[in-house]
Amino acid sequence: MGKYFGTDGFRGEANVVLNVEHAYKVGRFLGWYYGKEKKAKIVIGKDTRRSSYMFEYSLVAGLTASGADVYLLHVTTTPSVSYVVRTEDFDCGIMISASHNPFYDNGIKIINQFGQKLEAEVEEQIEAYIDGKVEEIPFAVRENIGRTVDYAVGRNRYIGMLISTATRSFKNYKVGLDCSNGSASAIAKNVFDALGAKTYVIHNEPDGTNINKDCGSTHIEALQAFVKENQLDVGFAYDGDADRCFAVDENGNVVDGDLILYVCGKFMKAQGELNNNTIVTTVMSNLGLYKALDKIGISYEKTAVGDKYVYENMLANDHCLGGEQSGHIIFSKYAATGDGILTSLRIMEAMTEQKATLASLVSEVKILPQKLVNIRVKDKKTVNEDKDVQAAVSYVENELQEDGRILVRESGTEPLIRVMVEAATEELCDSYTNHVIKVIKEKGYEA
């Protein structure tokens, strides 16, 4: 990770960690970088945060000042930006979003011409420019100054692509959608309505400050209650920029990314569509998923946490399905990044084709109890390298043996250490996470 860019772009509290000058300079650099030999074409989308408009205008000012033409998708999802960049003649795309973070945070995600997250070496160059370590970039003048173009048509083409992925009507299904008062509010209901579902929607009235607030994939309990109260067949919850999805079955039970990978992987295998008979996961996936995949003869690979690393593995090895427990699921036939709405459509495809409920499709997976504790620290690297913390982790590993596991890692976007334990019981999970957290606190690392 760099000084500003983490695993998911440049993110932080708006005008505190990430400010308008940063955004302007990111625009200045990208407009120049992609416009060295021709006029650059860059597309921008944003989520529903109040500060997203501010950052949009700052980026546009920087980009056009460097000579780039800017195409505005307005409020849209991260995967739609990736789709538009990948399928049309754009040099790169920018998504203004802090994903599942609270409204006062924001972020700048840069997507390359292939629809993937920007290369680390280019991010390093942007950081050097922000810090004044390289020569100033010349301003464009006269006819070389860039322009802005309303490009809502790009979002509409993305919606058309989503609808085209379905092979069956959803007319017999009652579907609940939790749009998190975010980007999905502009797209998801239209897609499900077009496919014939009886669509029930909550949290689709963004006001700039209610994105992710007690709703969406990070507060799934709202959708659980909604599905049960309305006797729906299934529910889907998205995060702020709709690149992740959690599902809720007809009984109100949560179906997370691991269970989604199982349902879709098994279905794709039966359809002859699972390349290399392999699913790509991250180290955070539950042991229960791996045991279930072993039983049905599906192989798997593990990467570092982050859909960026999942996709890199998929691309390098020609795998077509991968994702994270957190709900970032990638179907490489259709997308180069996690796509929450697409994921919900693929789950619907598995249900309709097999004439099965979601509860029945996940019933074969026995997820181990898991506890994840986030502790805010002063310095993530120092904590991870501390011998006493390492000894505490080793103790837990020795206690668990083959009956569970512990994972301690740094957050890629926040000053947090994440301590995750899987064990046979919730009591053991509590005991072992508390053992490690206690050492971190006793050493004075808590912020």
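General observations
- Scanning the range 160-182 for residues that are under 19 Å from Glu88 (Cα atoms) and buried (at least 21 other Cβ atoms within 10 Å of the Cβ) yields a total of 1.
- Residue match in the range 209-222 (condition: touching a Leu at 6+ places or on another chain (Cβ under 9 Å), of a type in the set (A, V, I, L, M) and not in a helix (DSSP H, G or I)): no
- Hits in the range 22-52 (condition: in contact with a helix residue (DSSP H, G or I) (Cβ under 8 Å, 6 or more places away or on another chain), farther than 21 Å from Val84 by Cβ and charged (D, E, K, R)): Lys25, Arg28
- Residue match in the range 267-275 (condition: surrounded by fewer than 22 Cβ atoms within 10 Å (Cβ to Cβ), more than 19 Å from the chain's Cα centre (by Cα), at pLDDT 95 or above and under 27 Å from Gln113 (Cβ atoms)): yes
- Scanning the range 52-79 for residues that are acidic (Asp, Glu) and not in a helix (DSSP H, G or I) returns a single hit, Asp69.
- Note on the range 135-188: residues that are farther than 23 Å from Thr87 by Cα, among the hydrophobic types (A, V, I, L, M, F, W, C), part of a loop (DSSP other than H, G, I, E, B) and under 18 Å from the mean Cα position of the chain (by Cα) total 1.
- Pick from the range 1-40, criterion buried (at least 20 other Cβ atoms within 10 Å of the Cβ) and of a type in the set (D, E, K, R), ranking: modelled with the lowest pLDDT: Asp8
- Whenever a residue of the range 128-146 is without any contact (Cβ under 8 Å) to a residue 12 or more places away in the chain, its partners that are surrounded by 10 or more Cβ atoms within 10 Å (Cβ to Cβ) and part of a loop (DSSP other than H, G, I, E, B), lying with C-beta atoms within less than 8 angstrom and at least six residues away or across chains, give the pairs Ala128/Val134.
- The residue of the range 82-116 that is farthest from the chain's Cα centre (by Cα), among those that are crowded, with 24+ Cβ neighbours inside 10 Å and within 15 Å of Tyr311 (Cβ to Cβ), is Val85.
- Residue that is assigned by TED's automatic domain parsing to the domain that holds Asp241, of a type outside the set (Lys, Arg), surrounded by fewer than 21 Cβ atoms within 10 Å (Cβ to Cβ) and touching a residue at least 40 places away in the same chain (Cβ under 8 Å), where the choices are Glu312, Glu301, Glu353: Glu353
- The range 398-420 residues that are outside the structural domain of Gly107 (by TED's automatic domain parsing), paired with ones that are small (Gly, Ala, Ser) and in a strand (DSSP E or B) (beta carbon under 9 Å, 6 or more apart): Ser411/Gly6; Gly412/Gly6; Thr413/Gly6; Thr413/Gly9; Thr413/Gly12; Thr413/Gly107; Glu414/Gly6; Glu414/Gly12
- Taken together, the criteria exclude Ile42 from residues that are under 19 Å from Ile211 (Cα atoms) and either of a type in the set (Gly, Ala, Ser) or outside any loop (DSSP other than H, G, I, E, B) (or both).
The values are calculated or read from the model by the stated rules, or taken from the named source; none is laboratory data. Here the structure is a predicted model, which is why all the values come from computation and not from measurement. Backbone-built Cβ (ideal geometry, glycine too); neighbour counts: all protein chains shown.
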